[in-house]
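Notes to accompany the following structure.
The values are calculated or read from the model by the stated rules, or taken from the named source; none is laboratory data. Note that the coordinates shown come from a computational prediction; the quantities given were computed from them, not determined experimentally. Note: ideal-geometry Cβ built from the backbone for every residue, glycine included; neighbour counts use all protein chains shown. Note: accessible area is taken over every heavy atom of the protein model, side chains too, but ligands, DNA and RNA are not part of it. Shrake-Rupley method; radii C 1.70, N 1.55, O 1.52, S 1.80 Å.
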Amino acid sequence: MKKNIQYTSIIFSLLFFLLLGQNPLILLYSQEKVNNSGLKGEKFLELSLQDCILKAVKNNLTLKAELLTPEISDWNVRIASEKFFPSLSVNYNEQNTRTASYSFLEASDVVVTKQNDYTLQLTQNIPTGGSFSVSLYNYVNDSNRSFQTINPRFGSTLRMSFNQPLLKDFGFGLKFGRREIIIASYNREITEENFQKTLEDIIFNVEVAYWNLVYSRENLKVRQQSLKLARELLEKNRAEIEAGTLPPIELLAAESEVSTREADIIEAEALVKSYEDQLKTVINLLAEIGNAKNIQIIPIDSPSLEKREISYEEALNIALQKRPDLQALRVDIKNKEFNLSYSRNQLLPDLRFQFSYWSPGISGDQLIYLNNNPLTGTIIGKIPGKKSDALKDALNSRFKNWAMGLTLTLPISNVITRANYAQAWLSLEQARLRMKAQEQQIDLEISNAVRAVETNYQRAMAYRAARELAEKKLEAELEKFKVGMSTNYLVLQYQRDLANAQTMELKALIDYNISLANLDRVMGVGRERRGVSVLSND
């Protein structure tokens, strides 16, 4: 009846969570249970290995911090791309000058000139390393100087300019002009691979913590069963001593063994708490549950003894293709090769081609002098002009002008440029050596990981056989003890041998599963095997 009430309560809890739109598969519930410390009302959280991995991906602070690095690199790429965004500049000037007249032909002792002008210019960098610009210049000039035929004067000039390096800073395939973008893109790839490496390590750490917790809990059960057997033997000895069929001295051995096994349980309980805390930290359970310290995690997955057949050559080939750290080093070598190519280009002379095209336009108020002679200084009329006339002449290219040329610049000394080239070459050699060193390290890691999988599988099978033999030996010794052909000492010794055999089998089984996880990590396929991927926000 009590169990039925508990099951009914759980069903109602499931319905309640469904109505709230929450996931009932990860249901935190409280149940009345007496643990080894005699405490009631402890909260339990049942989790599979996949649940823990997903929680770690979602909550782990180290992973969250690393997730920001590729995003920062994305912004660096955008910043570098801004170089090729067109820029618009507007310039406006107004000036009023008053200067003394040093010529008897001036109209007065003071020459006054008023001018205001403005320029609109659109500039665009192009991937070949050059630049292109279009500008429109307009001005108004008004002066009291004598003998002018147009005053005030309106002017407009449309100008197009093109500048292109032909040796230094010129790159085939448009690469040097896009240098900042290319470097930022390489750095973005490196940060992405580093993030994937961190993700691989987090998955492995979760698996290690999870299987260690499974081991500690199962080890506690073995110790509890061993204590139960010792207590049963102690009670049997007491009954036989009271019946006079067993000497009192036999009671001491049984009592001593019970105390020893109680101490083993205390140690096993501490191990459970330690591994439980490790798993909580890795998955950052505190981010979901405020009182995570009071939560007991119940792992629901069991370790597997399924043999995985993989050769050293196959594992090494997979690692060389999929290890994120190796991919990051390959991208770094590409980056260093590009830097070397750029540094070599900087050793060339600076030869630049310039081309300009401009079209001016002029308009204004035309002054009419007496007898059409400006030297008379007598203005008898004025034909008004329009600012738009000058602008139309400029835009319609009424007066076509162009200029082109080459500029060669040879440095007197290029010590710094050659030093940059030498530094780039050494950096590339350093990156290649690091790549070879990492490949050697991966070779060693793969060799150890494959050997560990094979060794731990054989250990698990051998300890399973040893545990089965220990069970049979204990059964046989108990039968002999029943008929008085054995002693307490031998029975207790065989009980301890069985507990140790069970522990060793369990440890070998856990080691085998951890070695499988480590093999996935060193091959770089832990994410793929566990179906874990982190999508960017883009």
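Using protein chains only and a probe of 1.4 angstrom, how many square angstrom of THR260 are accessible, to the nearest 10?
Surface accessible to solvent at THR260 totals approximately 60 Å².
Can you pull the three principal axis extents for the Cα set of region 420-478, in Å, largest first?
Its Cα atoms span 83, 14, 6 Å along the three principal axes.
Counting only protein heavy atoms and a 1.4 Å probe, tell me what percentage of region 43-103's accessible area is made up of carbon and sulfur.
56
Once both axes come from the Cα atoms, what is the angle between helix 179-243 and the longest principal axis of the chain, in degrees from 0 to 90, rounded to 10?
10
Keeping all protein chains in the complex and leaving out DNA, RNA and ligands, what accessible area do you get for ILE383 with a 1.4 Å probe, in Å² to the nearest 10?
Here the accessible area works out near 80 Å².
When the helices in the chain are scored as -39500 (n - 2.57) per DSSP H run of 4 or longer and the sum is shared across all residues, what 222 nm value do you end up with, to the nearest 500 deg cm²/dmol? Write out the running numbers ahead of the final one.
On the way: 11 runs with 301 residues, N = 538.
After summing the helix terms and dividing by residue count, I get -20000 deg cm²/dmol.
Run the dipole for the chain about the Cα centre, Lys and Arg Cβ at +1, Asp and Glu Cβ at -1, nothing else charged, and hand back the magnitude in debye, nearest 20.
Working: 65 positive and 64 negative charges, 434 e Å.
With only Lys, Arg, Asp and Glu charged at Cβ, the dipole is about 2080 debye.
Cβ neighbours within 10 Å, averaged per peptide: list 414-426, 456-468 in order, most packed at the top. Intermediate results must be reported in sequence, preceding the final value.
Working: 414-426: 13.8, 456-468: 17.1.
Order by mean packing, descending: 456-468, 414-426.
Once the Cα atoms of helix 61-81 and of the chain are each reduced to a long axis, what angle between those two axes, in degrees from 0 to 90 to the nearest 10, is obtained?
Tilt of helix 61-81: around 20 degrees.
How far apart, in nm, are the 7 Å Cα→Cβ label points at GLU288 and ASN448?
3.3
Please list 3J(HN,Hα) in residue order for region 319-329, calculated via the Karplus relation 6.51 cos²θ - 1.76 cosθ + 1.60 where θ = phi - 60°; whole Hz, with x for glycine and proline.
Values per residue, Gly and Pro as x: 5, 5, 8, 10, 5, x, 5, 5, 4, 5, 5 Hz.
By accessible area of protein heavy atoms, probe 1.4 Å, what ranking do LEU320, LEU348, LEU220 get, highest first? Spell out each step's value before the answer.
Working: LEU320 55, LEU348 75, LEU220 25 Å².
Reading off the accessible areas and sorting them downward yields LEU348, LEU320, LEU220.
If the cut-off is a Cα-Cα distance under 15 Å, which aspartates and glutamates reach LYS387, setting aside same-chain residues fewer than 8 apart in sequence?
Result set, ordered by chain and number: ASP117, ASP142, ASP365.
What share of all Cα pairs of the chain, in percent, falls into each consecutive 10 Å distance bin?
Result, from short to long distances: 3, 11, 14, 14, 12, 10, 8, 7, 6, 5, 4, 3, 2, 1, 0, 0 percent.
Could you put TYR137, TYR342 in order of accessible surface area, largest first, with the 1.4 Å probe and the full protein assembly present? Write out the running numbers ahead of the final one.
Working: TYR137 70, TYR342 50 Å².
Per-residue accessible area, sorted high to low, gives TYR137, TYR342.
Run through all the Cα pairs of region 268-383 and give the fraction in each 5 Å bin from 0, expressed as whole percent.
Final binned percentages: 2, 7, 6, 6, 5, 6, 7, 7, 6, 4, 4, 4, 4, 4, 4, 3, 3, 3, 3, 4, 3, 3, 2, 0, 0.
DSSP loop trypsin sites (Lys or Arg not before Pro) in region 134-236 with at most 15 other Cβ atoms within 10 Å of their Cβ, which ones?
Here the sparse-neighbourhood loop sites are ARG145.
Can you send over the carbon and sulfur percentage of the accessible area for region 189-237, probe radius 1.4 Å, protein chains only? Provide the component values of the computation, followed by the final result.
Numbers: 850 of 1790 Å².
So the carbon and sulfur contribution to the accessible surface is 48 percent.
Given a 1.4 angstrom probe, what's the average accessible area per residue across the chain, in square angstrom?
On the way: 31290 Å² over 538 residues.
Value for the chain: 58 Å² per residue.
What residues have an amide H closer than 5 Å to that of ASP301, excluding those fewer than 5 places away on the same chain, when H is modeled at 1.01 Å from N in the peptide plane?
Amide H to amide H, under 5 Å and 5 or more residues apart or across chains, ASP301 pairs with LEU49.
Roughly how tilted is helix 488-523, in degrees to the nearest 10 and between 0 and 90, from the longest Cα axis of the chain?
That helix lies at roughly 20 degrees to the long axis.
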